[in-house]
Ligand SMILES: [Zn+2]
C-alpha cells in the first residue's frame, strides 16, 4: 500500500540522517586536519540531530495514526 505522506516523511527522515552523517564526516575530517573550531560543528550537529529526531517523531506518529 502506497501512502504519499508516508513517502514524503520518510524522504525527510532520510535527508535529515544524511545531513547528520555528512556533518559528522566533516567534523572528523576537521579533527584530522587539526582544526580547533569544534564548537562550530557541535552546534551544527546538535541542530541536525534535533531535526532528525523531529522527523523521526513525525514519521512514526504518522505510521501509528494512519496505519499505512
Ligand atoms: Zn499514511
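Between a residue in the stretch 1-29 that is over 15 Å from residue 59 (Cβ atoms) and any residue that is within 10 Å of the ligand (Cβ to nearest atom), which pairs come within a Cβ distance under 7 Å, given they are 6 or more apart or on different chains?
1/68
Any chance you could count how many residues in the stretch 5-21 are out of contact with any helix residue (DSSP H, G or I) (no Cβ under 7 Å at 6 or more places or on another chain) and within 16 Å of the ligand (Cβ to nearest atom)?
Of the residues in the stretch 5-21, 3 are out of contact with any helix residue (DSSP H, G or I) (no Cβ under 7 Å at 6 or more places or on another chain) and within 16 Å of the ligand (Cβ to nearest atom).
Just one of (1) within 11 Å of the ligand (Cβ to nearest atom); (2) assigned to a helix (DSSP H, G or I) trips up residue 2, so point out which.
Checking residue 2 against (1) within 11 Å of the ligand (Cβ to nearest atom); (2) assigned to a helix (DSSP H, G or I), the one that fails is (2).
Go through (1) assigned to a helix (DSSP H, G or I); (2) loosely packed, with under 11 Cβ neighbours inside 10 Å; (3) modelled with pLDDT under 95 and name the single condition residue 64 misses.
It fails just one condition, (3).
In the stretch 22-68, what residues are away from the ligand (no atom under 16 Å from the Cβ), closer than 26 Å to residue 4 by Cβ and out of contact with any helix residue (DSSP H, G or I) (no Cβ under 7 Å at 6 or more places or on another chain)?
Correct list: 50, 53, 54.
Which numbered condition trips up residue 36, out of (1) modelled with pLDDT under 95; (2) in a helix (DSSP H, G or I); (3) surrounded by fewer than 15 Cβ atoms within 10 Å (Cβ to Cβ)?
Status for residue 36: all satisfied but (2).
The values are calculated or read from the model by the stated rules, or taken from the named source; none is laboratory data. Predicted model, so just to flag it, every value in this text is computed and none were measured. Positions of Cβ are backbone-derived with ideal geometry, glycine not excepted, and every protein chain shown enters the neighbour counts.
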